[in-house]
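What follows is one structure encoded as structure tokens, with my remarks underneath.
The values are calculated or read from the model by the stated rules, or taken from the named source; none is laboratory data. Because the structure is a prediction, the values reported are computed rather than measured. Positions of Cβ are generated from backbone atoms using ideal geometry, with glycine treated the same way; all protein chains shown enter the neighbour counts. Heads up: the accessible areas ignore ligands, DNA and RNA and are worked out on the full protein's heavy atoms, side chains in. Shrake-Rupley method; radii C 1.70, N 1.55, O 1.52, S 1.80 Å.
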Amino acid sequence: MPPIFRIASKIIGIRQQHVIIDSAVAELYGVETKRINEAVKNNPEKFPEGYLIELTHQEKDELVENFDQFEKLKHSTANPKAFTEKGLYMLATILKSPKAVETTLAIIDTFAKVRELSRVIHQVQTLPENSPKQKTLMERTGDLIADLIIPDDELDVVESETTYEMNLAIFKVKRTVKKSK
């Protein structure tokens, strides 16, 4: 199953929605981008408004300018598609391989954590500063961020210090993690 942190890094904000661009979806599923777009083209009834966003040329240019992971789109003549969470669920009904099932489960888990993180951050902002409830929610925020950005295979580290910086569409986080046995 793809690690949650890998999926979380693919979620971006476009038009006030959390989405994953078609090329990133293809990478997660281990297929070519054209296969993802063929699935959409062959099943238009499964992707009504709100399930898929066709990016404009300007939005594509902004992606390339702001995210290194989309550098490959720079010379593409086609505008990418962006899958909303609902669109990704529909795509899962089309793609049937074992890898597709595993990837879909990981994507669902990741979107759930991003939604929970958003709710917790909103709650923290409404509570009195340094209240016990706020402290508890701040700890939960740290746990959720760690789940989203720290790969499971790094948890056995004997001694290390790593800095992660991630733009999760709803906020930008920079966190230094030091682990020791």
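Figures for the structure shown
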| quantity | calculated |
| --- | --- |
| Members of the range 51-77 that are open to solvent by 60 Å² or more (accessible area, probe 1.4 Å), free of Cβ contacts under 8 Å to residues at least 24 places away in the same chain and within 19 Å of E38 (Cα to Cα) | T77 |
| Tally, over the range 33-50, of residues that are of a type in the set (D, E, K, R) and touching a helix residue (DSSP H, G or I) at 6+ places or on another chain (Cβ under 6 Å) | 1 |
| Filtered residues of the range 66-103 (kept if among the charged types (D, E, K, R) and more than 14 Å from I14 (Cα to Cα)) | D68, E71, K72, K74, K86, K96, K99, E102 |
| Failed item, numbered, when S131 is tested on (1) out of contact with any Ser or Thr (no Cβ under 9 Å at 6 or more places or on another chain); (2) open to solvent by 40 Å² or more (accessible area, probe 1.4 Å); (3) modelled with pLDDT of 80 or more | (2) |
| Checklist (1) at pLDDT 85 or above; (2) within 20 Å of L148 (Cα to Cα) applied to D109, failing item | (1) |
| Residue identified as open to solvent by less than 30 Å² (accessible area, probe 1.4 Å), out of contact with any Cys (no Cβ under 9 Å at 6 or more places or on another chain) and basic (K, R) among K86, K10, K46, K99 | K10 |
| Residue identified as open to solvent by less than 20 Å² (accessible area, probe 1.4 Å) and either more than 29 Å from M90 (Cα to Cα) or touching a Cys at 6+ places or on another chain (Cβ under 7 Å) (or both) among T136, T110, T141, T126 | T141 |
| Among residues of the range 48-66, those that are out of contact with any Pro (no Cβ under 7 Å at 6 or more places or on another chain) and within 14 Å of V19 (Cα to Cα), counted | 8 |
| Cross-chain or 6+ apart pairs with Cβ under 9 Å, the range 99-113 first and free of Cβ contacts under 8 Å to residues at least 12 places away in the same chain, then open to solvent by 10 Å² or more (accessible area, probe 1.4 Å) and in a helix (DSSP H, G or I) | V101/A92 |
